[in-house]
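One structure is given here, and the rest of the page talks about it.
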2 protein chains.
Amino acid sequence: MNKVNRIRLADISTEAPKGWKEKDTEDETRDLVKRLGDLQQLLYAESKHSVLVVLQGMDGSGKDGAVHKVFDACRITGLTLTAFKKPTEEEFAHDFLWRVHKVAPQKGMIAIFNRSHYEDILIQRVHGWIDEKRVEQRMRAINALEELLAFDNNTHIFKFYLHISKAEQEKQLRQRMDDPEKYWKHNPGDWKERDLWDKYMQAYEYAFDNSTVPWHICPVDDRWYRDYFIAKTLVDGLEKIGMQLPPLAKEG
Amino acid sequence: MNKVNRIRLADISTEAPKGWKEKDTEDETRDLVKRLGDLQQLLYAESKHSVLVVLQGMDGSGKDGAVHKVFDACRITGLTLTAFKKPTEEEFAHDFLWRVHKVAPQKGMIAIFNRSHYEDILIQRVHGWIDEKRVEQRMRAINALEELLAFDNNTHIFKFYLHISKAEQEKQLRQRMDDPEKYWKHNPGDWKERDLWDKYMQAYEYAFDNSTVPWHICPVDDRWYRDYFIAKTLVDGLEKIGMQLPPLAKEG
C-alpha cells in the first residue's frame, strides 16, 4: 500500500497549537459540547444514521477524560460505551472482530469505543503474539468491517489517536501513584508497556497508514485542547450529514 | 471478476447420478452420519477449529430435512442452528452481517445456517430492494467476513446449494397443501417466489461465481442422494483437517 501522506507521529506536536488560549478554547468547547448534544438528539430522532467514535492512545493519554468531557451533553439513551479489555474466554474462541461487530451502533445511536479492534494489531503485534501476516490480514478485515458499517448502516466513523508525549505520560502515570484519589488507576503493567513506546508508535503509524477511514491525530498534552479538538471534529462531521427531524407520522 | 469455471445451474442435474442405488447409498450415508458424529466429538474435544455449514436453496429444496438427517449423530452441545428469517427491527437497524457474525461458531463448535447472509443478495436483489452497487458491496463484505472467520478462528466453511428442479419444487409445495401433516409448512408466498424462479437462478449463479469460498451444488430431487452428498462432503472435509484428541492435562 503506497500512500503519499504517511503519518509520522514524531513530526506532530502533542501540544495545543501556538497562540491558542486555554480560557477562550474552553468557552468554545462548552458551546461545541452543547451542540453535540443537540446533534445527538437529531441523530436519535431521525434514526437513519449511526456514529462510531474510536478512542485510541497510550496509557494516560486521557481516553476516559475525553469521554466524560466531550459527551457531557449527550443522553445515555442514545449512547453506548464499550471499554475493550482483555478478551473473555468466549471472545477468545471467536475471531477478533466478533466482539466488536456485536456492539456496532444501530441506527440513531452513537457508539463510543474506549480502545477498540485496533488493539488487536497494536498490543498483540508489539508483544509478538501475532506474526506480520496476521497483522496484514487483520488490517484488511478491519477496513472491510468499517466499510460495511459505512455503506450498509450509514455509520459515520470518527477515529481519534490521543497523541501524548512520553514526558507527559510519565507525569500522568506518576500522579496515579502519588494521588490517593488516583491509586485505583495505577497499574504497574503500564510502566512495562511504556518501555515498548517506540514499537507502539510504529504499530500505530502502520494502522494510520493502512486504514481506509482516516484517523484524527489529537494532541492531548493540554487536556483543554484535547476536548476542543474532539468536540470540534465531531460537530463539524455531524453537521455535514444534513440530518432532518422527521415529519409528523400520518395516522393509520 | 473473471473466473474460468462459472457455475450454470441449468447444466447441472438435480437428480442422483446415473447408476446410484437408493438402498446402497442409504447404507453408506448411515456410516457417514455416524462418522460425522465422531468428528464432531473430536472437534469439540480439541476446540481448535470451528465449522460453519451454510444451507441455501429454493422453498421445498429440503433444508430442514437435510439438517435432521445429516446431523443426526451429532450432539446438540456442540451444535448451533440458526434459521434466518425476516430481520427483526433491531437487526434491520444494523448492517446485514451483524446478526450473522454474532452467531458465527466458536472454536470447537459447528454452526448450521438454514438460509444465511446470502439471502441479502438473493431475495433482496430479486425483488429489487437493493441496487446492483449494493449487491457488489455486500458480496465483497461477505467474502471479507468468510475470510476473517477462516484465518482468525480456524473456521472451515461448507456452503451447500440444494439444487431442486422446478417440477420437483411444484410437487413439494403441493404436498404441503394436500397432506394435513404438512399444512403448517404451507406458505402462499412460496408460490409467488416461485414465479421469480429464473431471477433467483441468476442471483444464485452470481453468488457462486463471486464467492471466494466455493459452493457445493447438491442435487436434491432424490432426497437420499442429498443426505449422502452433504454427509460425504462434510466428512471428507473434516477428515482432512487432521484434528487430534488433546493429551491429558498436566497437574498444577
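The values are calculated or read from the model by the stated rules, or taken from the named source; none is laboratory data. These numbers were taken from a predicted model, which means no experiment stands behind them. For neighbour counting, all protein chains shown are included, and Cβ atoms are generated from backbone atoms with ideal geometry for every residue, glycine included. These area figures cover heavy atoms from the full protein model, side chains too; ligands, DNA and RNA do not enter into them. Shrake-Rupley method; radii C 1.70, N 1.55, O 1.52, S 1.80 Å.
Yes/no per residue for (1) at the interface with chain A (Cβ under 9 Å from one of its Cβ atoms); (2) open to solvent by less than 30 Å² (accessible area, probe 1.4 Å); (3) part of a helix (DSSP H, G or I):
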| residue | (1), (2), (3) |
| --- | --- |
| B:86 | no, no, no |
| B:104 | yes, yes, no |
| B:107 | yes, no, no |
| B:118 | no, yes, yes |
(1) closer than 27 Å to residue B:152 by Cβ; (2) in contact (Cβ under 8 Å) with a residue 60 or more places away in the chain: which one isn't true of residue B:94, the others all being true? (2)
Evaluation of residue A:53 against (1) part of a helix (DSSP H, G or I); (2) among the aliphatic types (A, V, I, L, M); (3) more than 14 Å from chain B (Cβ to nearest Cβ) (one fails), failing number: (1)
Can you pull out the residues in the stretch B:201-238 that are outside any loop (DSSP other than H, G, I, E, B), in contact with a strand residue (DSSP E or B) (Cβ under 8 Å, 6 or more places away or on another chain) and closer than 19 Å to residue B:120 by Cα? B:204, B:207, B:208, B:215
Checked B:177, B:201 against criteria (over 30 Å from residue A:147 (Cα atoms) and either open to solvent by less than 90 Å² (accessible area, probe 1.4 Å) or more than 12 Å from every other protein chain (Cβ to nearest Cβ) (or both)); the one match is B:177
Here the residues within the stretch B:121-140 that are open to solvent by 10 Å² or more (accessible area, probe 1.4 Å), within 12 Å of chain A (Cβ to nearest Cβ) and part of a helix (DSSP H, G or I) are B:124, B:133, B:134, B:136, B:137, B:138, B:140
I need a count of the residues in the stretch A:65-84 that are open to solvent by less than 20 Å² (accessible area, probe 1.4 Å) and within 14 Å of chain B (Cβ to nearest Cβ). 1
Per the list (1) in a loop (DSSP other than H, G, I, E, B); (2) at pLDDT 95 or above, residue check on residue A:33 breaks on (1)
Complete set of residues in the stretch A:15-27 that are open to solvent by less than 90 Å² (accessible area, probe 1.4 Å) and either touching a residue at least 12 places away in the same chain (Cβ under 8 Å) or in a loop (DSSP other than H, G, I, E, B) (or both): A:16, A:17, A:19, A:25, A:26
Criterion (away from chain A (no Cβ under 13 Å) and on the phi < 0 side of the Ramachandran plot) met by exactly one of B:28, B:91: B:28
Look at the stretch B:174-194 and say how many of its residues are farther than 23 Å from residue B:116 by Cβ and outside any helix (DSSP H, G or I). 2
Contacts under 7 angstrom Cβ, first residue in the stretch A:99-125 being free of Cβ contacts under 8 Å to residues at least 12 places away in the same chain, partner surrounded by fewer than 21 Cβ atoms within 10 Å (Cβ to Cβ) and not aromatic (Phe, Trp, Tyr), 6 or more apart: A:102/B:102; A:124/A:130
In the stretch B:141-173, the residues that are in a strand (DSSP E or B), within 14 Å of chain A (Cβ to nearest Cβ) and either under 14 Å from the mean Cα position of the chain (by Cα) or without any contact (Cβ under 8 Å) to a residue 40 or more places away in the chain (or both): B:156, B:157
Looking only at the stretch A:88-102, which residues are surrounded by fewer than 19 Cβ atoms within 10 Å (Cβ to Cβ) and in a loop (DSSP other than H, G, I, E, B)? A:88, A:93
Check on residue A:209, farther than 19 Å from residue A:13 by Cβ, open to solvent by less than 30 Å² (accessible area, probe 1.4 Å), of a type in the set (D, E, K, R) and modelled with pLDDT under 95: no
On the basis of being among the aliphatic types (A, V, I, L, M) and either open to solvent by 20 Å² or more (accessible area, probe 1.4 Å) or within 15 Å of the chain's Cα centre (by Cα) (or both), does residue A:220 make the cut? yes
Hey, residue A:162 more than 22 Å from residue B:141 (Cα to Cα) and of a type outside the set (S, T, N, Q) or not: yes
Is it the case, given these coordinates, that residue B:133 is modelled with pLDDT of 95 or more, of a type in the set (Lys, Arg) and farther than 23 Å from residue A:144 by Cα? no
Could you list, in sequence order, all residues of the stretch B:40-64 that are surrounded by fewer than 21 Cβ atoms within 10 Å (Cβ to Cβ) and farther than 22 Å from residue B:100 by Cα? B:41, B:42, B:45, B:46
